[in-house]
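Shown next, in structure tokens, is the structure this report addresses.
The values are calculated or read from the model by the stated rules, or taken from the named source; none is laboratory data. Values in this document were obtained by computation on a predicted structure and should not be read as measured data. Cβ sites come from the backbone with ideal geometry, for glycine too, and all protein chains shown count toward neighbours. Just the protein is used for accessible areas: all its heavy atoms, side chains included, with ligands, DNA and RNA removed. Shrake-Rupley method; radii C 1.70, N 1.55, O 1.52, S 1.80 Å.
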Amino acid sequence: QTRTFYSEREAQRWAATLEGDKARGALPANLSAGRVTLRQWSAEWLDTRDLRDSTREGYRRLLDLWLLPELGEVALSKLTPERVRRWHSQAKRKAVAKGRGSVQVPKAYRVLHAILETAVTEELLARNPCRIRGGGEEPKRERPLLELGELGTLAESRDRHAPHLRAFLLTAGLAGLRRGELL
């Protein structure tokens, strides 16, 4: 990368700042690697992961739908916490507008975080710009509970078809236990 300075003193100041940033860990060891775009790096990242086919396809879908349209052509070195925060906010609004639910954006954020964490490990980035507290957390969905009358009706209907499941069904409904806890 070529840079022009108006004076030797200005160039020396810039070089000293750059060396200080490197020493503090504010710059990656491999500065030219930061020119790699997110699209390029995410393709390489996916190719080098030992993933099940369904997981790989899910990551690819998240990249294609949520990450690459907005951030794909951005160089890794240009991905700042502010830019990631802006993407996350826009993606959440888009998800609500499209009725896609609130699960896809946190999943996409977790994939982006993992991709960029690998870039940090491989010294393409000095720090991971994904710093949104709770950005990858999916909203907790409350399990619907049956009213007592509905539970009684369900238990009676099961009595006719599968009487051996009555105690199982009543325990599940009254205690609010999940399948694994019941088993």
**Request:** Roll a 1.4 Å probe over the protein chains and send me the accessible area per residue for the range 29-180 in Å².
**Result:** 65 Å²
**Fill in**
With only helices counted (DSSP H, runs n ≥ 4, each -39500 (n - 2.57)), the per-residue ellipticity at 222 nm for the chain, to the nearest 500, works out to -17500 deg cm²/dmol
**Message:** What is the percent carbon and sulfur in the accessible area of the chain, measuring with a 1.4 Å probe over the protein chains and ignoring ligands?
**Reply:** 50 percent
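So how many Å³ per residue does the convex hull of the Cα atoms of the chain work out to?
Value for the chain: 184 Å³ per residue.
T121: net charge of surrounding residues, Cβ under 14 Å, Lys/Arg +1, Asp/Glu -1, itself excluded?
Working: positive: R49, R127; negative: E44, E117, E122, E123.
Charge balance near T121 sits at -2.
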**Request:** Principal axes first, then extents: for the Cα atoms of the range 75-133, list largest minus smallest coordinate on each axis, whole Å, largest first.
**Result:** 38, 20, 17
**Request:** Order V36, V84, most accessible first, counting only protein heavy atoms with a 1.4 angstrom probe.
**Result:** V36, V84
**Message:** Can you work out the Karplus-derived ³J(HN,Hα) for every residue in the range 37-46? Use 6.51 cos²θ - 1.76 cosθ + 1.60 with θ = phi - 60°, whole Hz, and x for glycine or proline.
**Reply:** 7, 4, 4, 5, 5, 5, 5, 5, 4, 5
**Prompt:** Heavy-atom accessible area of H161 with all protein chains present, probe 1.4 Å, nearest 10 Å²?
**Reply:** 140 Å²
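Could the peptides 59-69, 41-51 be put in order, highest first, of the mean number of other beta-carbon atoms found within 10 Å of their residues? Please list the in-between numbers first.
Values: 59-69: 17.8, 41-51: 14.4.
The packing order, highest mean first, is 59-69, 41-51.
How high is the relative contact order of the chain, in percent, with contacts defined as C-alpha pairs under 8 Å that are six or more residues apart?
Details: 139 pairs, mean separation 38.2, N = 183.
Contact order relative to length: 21 percent.
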